Amino acid sequence: MDIGAQEDVASRGTIGILGAGRVGTAIARLAVAAGYRVKVATSKPAADNALIIEIVTPGAVAVDTAEAAASDLVVVAIPLHKYKSLNAEALSGRVVIDAMNYWAATDGDIADFENTHLSSSEVVSAYLAGSRVVKTFNHIGYHEMEPDAAEPGTQDRRALVVAGDDEKAKASVAMFIDTLGFDSLDAGELAAGRSFEPGTEIFNGRFNAAELAQELQRSLAAA
């Protein structure tokens, strides 16, 4: 790595990825390509993950969950039914990106998400009470992330929705999304995450920024 590249990595900061499934590793590869230091962790010890992380996400490093949780931004990309396995204390004060979805058809009915008026991210945020939770990346397929990533200003660049209760956290996440190759649109508070959960038009579609703004407006008006 040359000096310029080293400086770029240092300026980008550190991204922690909790979860080494298809979503987490796709985000990790994009983040590495964008110049971030990327640390990936699962429930297994780092040594057990080192080889697979080296193969699947070249440039990222396998770490234990505590080290990943100490990153500048932390992406949670684990099956949602495992959200209580997260260490809420370790994530306290961190900007946490919730890339998870509630899939009753796959996971079965989970009372935490069925018997409530809250969006799935609000439930997660209540558990991670000390974290600054932002919802995004849940409505783009892992197989679309790398092919759809594009430089700023690209015509019809794909846009992603961001929802959260902390404005500074959302701004940080929006910048991260931009560096990975997507425009972003602020949907408002975390409760607005309901508008791009599974089954919604936004979840099921691909939009540029203008199209996404129109669809979000329709969705929020109908809520």
Could you run through segment 126-166 and say how many residues are within 18 Å of ASN101 (Cα to Cα) and free of Cβ contacts under 8 Å to residues at least 12 places away in the same chain? 2
Pick from segment 109-123 the residues that are assigned to a loop (DSSP other than H, G, I, E, B) and free of Cβ contacts under 8 Å to residues at least 24 places away in the same chain: which of them is most open to solvent (accessible area, probe 1.4 Å)? HIS117
Kindly establish whether ASP8 is modelled with pLDDT under 90, more than 11 Å from GLY59 (Cα to Cα) and surrounded by 14 or more Cβ atoms within 10 Å (Cβ to Cβ). yes
For the structure I just gave you, tell me whether SER219 is of a type in the set (Gly, Ala, Ser), outside any helix (DSSP H, G or I) and surrounded by 17 or more Cβ atoms within 10 Å (Cβ to Cβ). no
Name the residue, out of ALA174, ALA126, that is more than 18 Å from VAL23 (Cβ to Cβ), in a helix (DSSP H, G or I) and open to solvent by 50 Å² or more (accessible area, probe 1.4 Å). ALA126
Inspect segment 15-30 for any residue being surrounded by 15 or more Cβ atoms within 10 Å (Cβ to Cβ), over 21 Å from HIS139 (Cα atoms) and of a type in the set (Gly, Ala, Ser) and give the result as yes or no. no
Taking segment 92-108 and keeping only residues that are free of Cβ contacts under 8 Å to residues at least 40 places away in the same chain, closer than 19 Å to ALA28 by Cβ and touching a Pro at 6+ places or on another chain (Cβ under 8 Å), one is left with MET100
Can you pull out the residues in segment 60-73 that are open to solvent by less than 50 Å² (accessible area, probe 1.4 Å), of a type outside the set (Ser, Thr, Tyr) and not in a helix (DSSP H, G or I)? ALA60, ALA62, VAL63, LEU73
Step by step: first the residues of segment 177-210, then only those that are part of a helix (DSSP H, G or I) and without any contact (Cβ under 8 Å) to a residue 12 or more places away in the chain, then the one that is least open to solvent (accessible area, probe 1.4 Å). Which residue is that? ALA210
Against the definition (farther than 23 Å from ARG29 by Cβ and surrounded by fewer than 17 Cβ atoms within 10 Å (Cβ to Cβ)), how does THR154 come out, yes or no? no
Scan segment 92-108 for residues that are small (Gly, Ala, Ser), open to solvent by 80 Å² or more (accessible area, probe 1.4 Å) and under 21 Å from the mean Cα position of the chain (by Cα) and report the count. 0
Looking at segment 31-47, which of the residues that are open to solvent by 20 Å² or more (accessible area, probe 1.4 Å) and out of contact with any strand residue (DSSP E or B) (no Cβ under 8 Å at 6 or more places or on another chain) is farthest from ASP112 (Cα to Cα)? ALA33
Go through the residues of segment 75-91 one by one and say whether even a single one is of a type outside the set (Asp, Glu), open to solvent by 10 Å² or more (accessible area, probe 1.4 Å), free of Cβ contacts under 8 Å to residues at least 12 places away in the same chain and touching an Asp or Glu at 6+ places or on another chain (Cβ under 9 Å). no
Residues located in segment 48-59, provided they are farther than 20 Å from MET100 by Cβ and either open to solvent by 70 Å² or more (accessible area, probe 1.4 Å) or not in a helix (DSSP H, G or I) (or both): ASP48, LEU51, ILE52, GLU54, ILE55, PRO58, GLY59
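The values are calculated or read from the model by the stated rules, or taken from the named source; none is laboratory data. The structure displayed is predicted, hence computed values, not measured ones. Note: ideal-geometry Cβ built from the backbone for every residue, glycine included; neighbour counts use all protein chains shown. The area values use the complete protein model at the heavy-atom level, side chains included, leaving out ligands, DNA and RNA. Shrake-Rupley method; radii C 1.70, N 1.55, O 1.52, S 1.80 Å.
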